[in-house]
Amino acid sequence: TGEVLAEATERLAVYIGPMARVLVKRAAEQATGTRDLYERLARQIDDPAGRRRFEAATEELSEP
């Protein structure tokens, strides 16, 4: 939904800036669910520590 994508964009932007909007849109076109979306987005974060923080912060949002 639009709400999920807005939340994902906001959370990803903390780590990669304004490119988050484009990456969320692309990932959403391929994702099979919320969990898949956040897993795809986590792979866009180059910094391993940042990626782990993103994964931890979005784990509760990642319904199958």
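None of the figures in this text is laboratory data; all of them are computed from the coordinates on show. Remember, it's a predicted structure, so these values are computed and weren't measured experimentally. With ideal geometry, Cβ positions are generated from the backbone for all residues, glycine too; neighbour counts draw on all protein chains shown.
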Task: Neighbour cut-off at most 11 other Cβ (10 Å), DSSP loop, GluC sites (Glu not before Pro), the chain - done: none
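Rounded to the nearest 0.05, what FRET efficiency do Ala13 and Arg51 have when you use their Cβ-Cβ distance and R0 = 22 Å? Please list the in-between numbers first.
Working: r = 15 Å, r/R0 = 0.67.
About 0.90, to the nearest 0.05.
Given +1 on the Cβ of Lys and Arg, -1 on the Cβ of Asp and Glu, and no further charges, what dipole in debye does the chain carry about its Cα centre, rounded to the nearest 20? Provide the component values of the computation, followed by the final result.
Numbers: 10 positive and 12 negative charges, 54 e Å.
Charge dipole, the chain, about its Cα centre: 260 debye, nearest 20.
Could you quote the convex hull projected area for the chain, Cα atoms only and averaged over all directions, in nm²?
Working: hull surface 14.7 nm².
Averaged projected hull area, Cα only: 3.7 nm².
Which helices count as membrane-span-like in the chain under these terms: full DSSP H, at least 18 Å along the axis by C-alpha, Kyte-Doolittle mean of 0.5 or more?
What comes out of the filter, once short or polar helices are dropped, is 2-16.
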